[in-house]
Amino acid sequence: MEQVVETNTSRAPQAPPLPGTPVDFCLRYARAYWMPFAVMVIFEAGQASCSILLPYAIKQIMDTVDRAGRIGQDVWSSVDSPLWLFGLLNLGIVIFSRSSGAILVILGPALRRRIRRELFAYLQHHSQRYFLSNFAGSLATRIAEVSLSVAQIMWTVLFDFWPLIISFSVSLVLLFGVNVNLGAALGAWIAIYVVVSYVLAQRCRHYARNYAAARSLVSGKIVDSVTNIMNAKLFARRDFERTYLDGYLNMEVKRARETFWYMERIRWFQFLSAMVLMIGIIGFALKIWSEGRMSVGEFAMAASLSLLLIEQARGLSRRFLEFFEYVGNVHDGVGMIVRPHDVIDDDGATALEVRAGEIEFKHVDFSYVQGKPVFKDLNILIRSREKIGLVGFSGSGKSTILNLILRLFEPQAGSVLIDGHDVQTVSQESLRSAIAMIPQDPMLFHRTLMENIRYGRLDATDDEVIDAAQKAHAHEFILDAEHGYDSLVGERGVKLSGGQRQRIALARAVLKEASILLLDEATSSLDSVTEKHIQDSLAYLMENKTVLVIAHRLSTLANLDRILVFHDGTIVEDGNHAELLELRGHYAKLWSMQAGGFLPDVEEASSDFDILEHEEAHQ
Ligand SMILES: Nc1ncnc2c1ncn2[C@@H]1O[C@H](COP(=O)(O)OP(=O)(O)OP(=O)(O)O)[C@@H](O)[C@H]1O
Ligand SMILES: [Mg+2]
């Protein structure tokens, strides 16, 4: 228990140190690229200042023209410097904005790459348990979403909020310069506008979330319906499926309308505020002008400033709303991925070097789910180079033994030792490099067959790969495939039959030179003829290794050194084939029942065991 608490707060030392809160997470990347960000902050400030100073240049021009007209001077010669200012400001807008754009082109993709790479690297260190409870698809989506959202948060701050702050400040300074009351009026308007926009956006979030949830529910339903299109056809349920979908579509329409109505209310607010600002400033300015306290240029400046501000501030609520969405995405994604790793290497983890290949379970207690123990005080000793068979009903814990040896899961008590080293004290990489495993249901990458087999040893030559495929009796069907060794196998290997996938997994294991070999029903999907052929290769593969073989087909185990019979998480019989037959216990009964076939299913199984035990009691 103590151990669980300790590991729950940890991160694998090789994983990038990602922060778990959205703000810190964004700050990490802002810091990583602080230089370009700082330059962009300056450029954006430059661009915003140039834009909002245009009305000031217009004021200068108009005042000069006005004065020149009144004193009868030549307009062109006196308007010279205000015109220069006007021209330079326009040029400034172009240069600042495009320079900032150029940095964005370089920085944007690099930022997203870095976020994805680090999230993926972090994800790689999660345990088997984690991946069993989080779907691959949603994890991949989260990584994409987080990287996009972090970038969007940065851009919203940099290209929306920051320039707006500059525009508001410069306008305030300009208008205060003209008239204190005018400045104060604008200040009040800005304060009210920003606060109300923020509050409205906050309120709208609720609707936007409901709408997003409805959209994803509907697309989920459509995906499910398309996946099950065969069912709809077989049961002639086309109309039913459409009606079923209609219910969800109508719900989405309802949610959409709620959201859009709310956004419409926000727009009412924005349009009315724009109107108030425009009429208010012009009215106010007219009044001051009529009192002779303002020049014609200042009047023009006030009018065009309010036009520009209205233009820039128009979408503020929407931008707040989007900003919240992005922050929400980062929060969810980071919450899902940046969790403590639960199986991590010790600080002083050493590399495991397997010499003898002795495996020992010492007083192991293990459960996947609390309160449902799979093993209690399990003790097994597998000697160096021994070939062991594991037999037991489905669900009796055979695969779990392999999971514990590979440290895909950790025991709650006791330890698993390889050559005397606790697997929890050695590095996971070295542990798993020392073990070749063919799992019950091997998965393949959606890559070529050549790449899939070479995964066993990345530096294997083509000839070595082909040799391994021949040993696994995969060569023939690979040559029959459309593109031979270059054929793609479909997602998870779906384009291959179960037996073909097993043979690819076998070829992979042949390539991997490991001293311990674990076979979990490695030949279960093969027909008896192919399996017979493979036995020779298997025998070759097993030479000089410690081997654990799980099989329901007992004939596969007959030649092994020892067979362990599992029942309810304990070993009930232990010995070689002949000895176990001699015992006339469970194994002998199973053997005679099987007659070359398979173990019965679980349901019958428990009752069979009951019968066996019953019979024993009577003997
Ligand atoms: N990831 C998991 N989470 C929770 N329970 C699990 C998990 N994996 C296995 N179990 C449970 O642990 C028990 C042992 O499972 P295990 O896979 O070791 O059985 P097995 O002997 O390999 O069976 P089979 O012959 O069907 O492969 C079963 O009751 C199973 O339901
Ligand atoms: Mg199993």
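The values are calculated or read from the model by the stated rules, or taken from the named source; none is laboratory data. In this text, all values refer to a predicted model and were calculated from it rather than measured experimentally. Don't worry about glycine lacking a Cβ; one is built from the backbone with ideal geometry, like all the others, and counts go over all protein chains shown.
Observations
- Looking only at the stretch 570-595, and only at residues there that are free of Cβ contacts under 8 Å to residues at least 60 places away in the same chain and within 16 Å of ligand 1 (Cβ to nearest atom), the one that is surrounded by the most Cβ atoms within 10 Å (Cβ to Cβ): His586
- Breaking point among (1) surrounded by fewer than 21 Cβ atoms within 10 Å (Cβ to Cβ); (2) touching an Asp or Glu at 6+ places or on another chain (Cβ under 9 Å); (3) more than 20 Å from Ser127 (Cα to Cα), for Gly371: (2)
- Lone unmet requirement of (1) of a type in the set (Asp, Glu); (2) over 30 Å from Ala57 (Cβ atoms); (3) loosely packed, with under 14 Cβ neighbours inside 10 Å for Glu311: (2)
- The stretch 49-84 - residue that is charged (D, E, K, R) and part of a helix (DSSP H, G or I) and, of those, farthest from Leu307 (Cα to Cα): Arg70
- Taken together, the residues in the stretch 389-411 that are more than 10 Å from ligand 1 (Cβ to nearest atom) and under 27 Å from the mean Cα position of the chain (by Cα) amount to 3.
- Subset of the stretch 498-537 (residues that are under 20 Å from Val465 (Cα atoms), out of contact with any strand residue (DSSP E or B) (no Cβ under 9 Å at 6 or more places or on another chain) and small (Gly, Ala, Ser)): Gly499, Ala507, Ser537
- Filter result for Ala15 (more than 29 Å from Val173 (Cα to Cα), of a type in the set (A, V, I, L, M) and part of a helix (DSSP H, G or I)): no
- The set of residues from the stretch 539-569 being of a type in the set (Val, Ile, Thr) and within 13 Å of ligand 1 (Cβ to nearest atom) comprises Val549, Ile550, Val565.
- Given (1) assigned to a helix (DSSP H, G or I); (2) in contact with a Ser or Thr (Cβ under 9 Å, 6 or more places away or on another chain); (3) within 16 Å of ligand 2 (Cβ to nearest atom), index of the condition Gln440 fails: (1)
- Among the residues here, Ile401 does not qualify as in a strand (DSSP E or B), touching a strand residue (DSSP E or B) at 6+ places or on another chain (Cβ under 9 Å) and within 16 Å of ligand 2 (Cβ to nearest atom).
- Looking only at the stretch 466-523, and only at residues there that are closer than 28 Å to Ala356 by Cβ and touching a Pro at 6+ places or on another chain (Cβ under 6 Å), the one that is farthest from ligand 2 (Cβ to nearest atom): Ala505
- Residue match in the stretch 461-479 (condition: at positive phi, within 16 Å of ligand 1 (Cβ to nearest atom) and in contact with a helix residue (DSSP H, G or I) (Cβ under 7 Å, 6 or more places away or on another chain)): no
- All positions within the stretch 447-479 that are assigned to a loop (DSSP other than H, G, I, E, B) and out of contact with any Leu (no Cβ under 9 Å at 6 or more places or on another chain): Leu458, Asp459, Thr461
- Checking Asp66 against (1) in contact with a helix residue (DSSP H, G or I) (Cβ under 8 Å, 6 or more places away or on another chain); (2) over 19 Å from Tyr326 (Cβ atoms); (3) touching a residue at least 40 places away in the same chain (Cβ under 8 Å); (4) surrounded by 18 or more Cβ atoms within 10 Å (Cβ to Cβ), the condition it does not meet: (4)
- Out of Met294, Met275, Met336, sole residue that is part of a helix (DSSP H, G or I) and in contact with a helix residue (DSSP H, G or I) (Cβ under 8 Å, 6 or more places away or on another chain): Met336
- Residue in the stretch 413-435 that is more than 30 Å from Leu580 (Cα to Cα), assigned to a loop (DSSP other than H, G, I, E, B) and within 16 Å of ligand 2 (Cβ to nearest atom) present: no
- Of residues in the stretch 116-142 being in contact (Cβ under 8 Å) with a residue 12 or more places away in the chain and not in a helix (DSSP H, G or I), the one farthest from ligand 2 (Cβ to nearest atom): His125
- The sole residue among Leu378, Leu408, Leu390 that is within 15 Å of ligand 2 (Cβ to nearest atom), of a type in the set (A, V, I, L, M, F, W, C) and outside any loop (DSSP other than H, G, I, E, B) is Leu390.
- Some residue of the stretch 339-346 being outside any loop (DSSP other than H, G, I, E, B) and either within 24 Å of Ile563 (Cβ to Cβ) or not aromatic (Phe, Trp, Tyr) (or both): no
- Condition met for Leu107 (under 15 Å from Tyr29 (Cβ atoms) and part of a helix (DSSP H, G or I)): yes
- If the condition is being of a type outside the set (Ser, Thr, Tyr), closer than 16 Å to Gln470 by Cα and touching a helix residue (DSSP H, G or I) at 6+ places or on another chain (Cβ under 9 Å), then the stretch 538-552 contributes Leu538, Leu541.
- Looking across the stretch 480-531, just one residue is assigned to a loop (DSSP other than H, G, I, E, B), within 16 Å of ligand 1 (Cβ to nearest atom) and under 19 Å from Arg457 (Cβ atoms), and that is Ala522.
- Comparison of Val23, Val5, Val94 shows that the only residue that is assigned to a helix (DSSP H, G or I), surrounded by fewer than 17 Cβ atoms within 10 Å (Cβ to Cβ), modelled with pLDDT of 95 or more and not acidic (Asp, Glu) is Val94.
- Unmet requirement for Ala605, which otherwise passes all of (1) at pLDDT 85 or above; (2) under 24 Å from Lys376 (Cβ atoms): (1)
- Residue within the stretch 145-153 that is within 16 Å of ligand 2 (Cβ to nearest atom) and in a helix (DSSP H, G or I) present: no
- When each of Ile42, Ile71, Ile58 is tested for being of a type in the set (Val, Ile, Thr) and either buried (at least 17 other Cβ atoms within 10 Å of the Cβ) or within 20 Å of Ala303 (Cβ to Cβ) (or both), the lone residue that passes is Ile58.
- Count - residues of the stretch 271-287 that are surrounded by 17 or more Cβ atoms within 10 Å (Cβ to Cβ) and either within 16 Å of Lys59 (Cα to Cα) or without any contact (Cβ under 8 Å) to a residue 12 or more places away in the chain (or both): 2
- The residue that is farthest from His363 (Cα to Cα), among those in the stretch 566-578 that are outside any loop (DSSP other than H, G, I, E, B) and away from ligand 2 (no atom under 15 Å from the Cβ), is Ala578.
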